[in-house]
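The values are calculated or read from the model by the stated rules, or taken from the named source; none is laboratory data. Model, not experiment: these values are computed from the prediction. Virtual Cβ from ideal backbone geometry, glycine too; neighbours counted across all protein chains shown. The accessibility values were calculated without ligands, DNA or RNA, using every heavy atom of the protein model including side chains. Shrake-Rupley method; radii C 1.70, N 1.55, O 1.52, S 1.80 Å.
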Amino acid sequence: MCQTNPNATPTYKGQSVFIVEPKGLEGFEALRIEGKMGSRLAPTAELSFNDVRVPLEALLGEEGRGFYQTLAMLNRTRILKSAARALGLAQCAIERAIKYAKERVVFGRKVADFQAIQHKIADVIVKIEAAKLLTYRAAYAVDTGKDERTLGFLSSIAKYYASHAALEAVNEALQIFGGYGYIAEYDVERYYREARLLTITEGTSEIQKNLIARTVLEI
Ligand SMILES: Cc1cc2nc3c(=O)[nH]c(=O)nc-3n(C[C@H](O)[C@H](O)[C@H](O)COP(=O)(O)OP(=O)(O)OC[C@H]3O[C@@H](n4cnc5c(N)ncnc54)[C@H](O)[C@@H]3O)c2cc1C
């Protein structure tokens, strides 16, 4: 996305989106960002475009509508790429923890027999089920063609809630694994690191709460 009208006020009304093939593009540079806590499967890079010339056919959508197009994209990706992803991670973490708790024996009892552990599992399951409904509701709103304001509201709620449910799920799953949970050999250590990104990417939780509050306050 770039500023195609430098005189637009506010500036976001003068932004447009272009789609370009970066390979061999003069003025384009990608600097790989190293040392990520998680999400290592997908490389992250800083992309810079200096005096890059693009043909008019590279315009994606409408001139001057780039900001709105990007918001509309986020209204959908916050459901699919954030909330649904958080849900999958939370579900996976608690399933692993449940399996482990049923197998591991300490002081002559299975870990799953301790009520303190059962309550952790119950708390996480409740949040996963709630996150699932919020995610499905937001996805249903997209499928049934609801307006962007409604989609923004519902996707922010789903993203915010599901990402925090995932944080709690991985935290409790790691706790149920005890010391092994902290060891990379067991997947929950990785789930814990993966979950940490969810409340940051595609708009932090603080931003989601701003969006939710602004909608109900109509500001
Ligand atoms: C590995 C990785 C992958 C990513 N992938 C994606 C991706 O696929 N899609 C995508 O959209 N983004 C992605 N991001 C970017 C991510 O969305 C941003 O990092 C995030 O939006 C926060 O922006 P920032 O880092 O500039 O933090 P800042 O904006 O500098 O925020 C710093 C702190 O201030 C708070 N803050 C900022 N503004 C406000 C405000 N108005 N009110 C209250 N609190 C505020 C923030 O919540 C945060 O706690 C990725 C980031 C990383 C690290």
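Couple of notes before you dig in:
- Choice from F28, F153, F67 with maximal GNM fluctuation in the chain (Cα, 10 Å cutoff): F28
- In Hz, Karplus ³J(HN,Hα) per residue of the stretch 49-64 (6.51, -1.76, 1.60; θ = phi - 60°; x = Gly, Pro): 10, 10, 6, 6, 9, 10, x, 4, 5, 6, 5, 9, x, 9, 4, x
- Calculated on alpha-carbon atoms, Rg and Dmax of the stretch 66-217 in Å: 17.3, 62
- Taking the stretch 66-164 and dividing mean pair separation by its residue count, relative contact order in percent (alpha carbons under 8 Å, at least six apart): 45
- Apportionment of accessible area to carbon and sulfur, the stretch 127-198, percent (1.4 Å): 55
- Scattering from the stretch 2-60 was approximated by placing one identical point on each alpha carbon and applying the Debye formula without solvent; log10 I(q)/I(0) at 0.12, 0.13, 0.28 1/Å stands at -0.43, -0.50, -1.13.
- Helix 66-77 and the longest principal axis of the Cα set of the chain meet at an angle near 20°.
- Sorting the segments 82-95, 36-49, 206-219, 127-140 by their mean number of nearby beta carbons within 10 angstrom, highest to lowest, gives 82-95, 127-140, 206-219, 36-49.
- For the chain, the residue among Y186, G152, N75 whose Cα projects farthest onto the positive side of the dipole built from Cβ charges is Y186.
- Taking 23 Å as the limit for the C-alpha separation, the pairs K36/K127; K36/K99; K36/K102; K102/K127; K146/K209; K13/K81 exceed it in the case of K36/K127; K36/K99; K36/K102; K13/K81.
- Solution diffusion estimate, µm²/s, Stokes-Einstein, the stretch 172-219, Kirkwood Rh from C-alpha pairs, 20 °C, viscosity 1.002 mPa s: 168
- Vicinal HN-Hα couplings computed from phi for the stretch 127-136 (Karplus, 6.51 cos²θ - 1.76 cosθ + 1.60; Hz; Gly/Pro x): 5, 5, 5, 5, 4, 4, 5, 5, 5, 5
- Assuming charge only on the beta carbon of Lys and Arg (+1) and of Asp and Glu (-1), the dipole of the chain about its Cα centre is about 720 debye to the nearest 20.
- In order along the stretch 97-111, the phi-based Karplus estimate (6.51 cos²θ - 1.76 cosθ + 1.60, θ = phi - 60°) of 3J(HN,Hα) comes to 5, 4, 4, 5, 5, 7, 9, 6, 10, 10, 6, x, 10, 5, 4 Hz; Gly and Pro are listed as x.
- Accessible area per residue for the chain is 63 Å², calculated with a 1.4 Å probe on protein heavy atoms, without ligands, DNA or RNA.
- Relative contact order %, the chain, counting alpha carbon pairs below 8 Å whose residues are six or more apart: 21
- If R0 equals 25 Å, the separation of the Cβ atoms of R53 and I207 corresponds to a calculated FRET efficiency of about 0.15.
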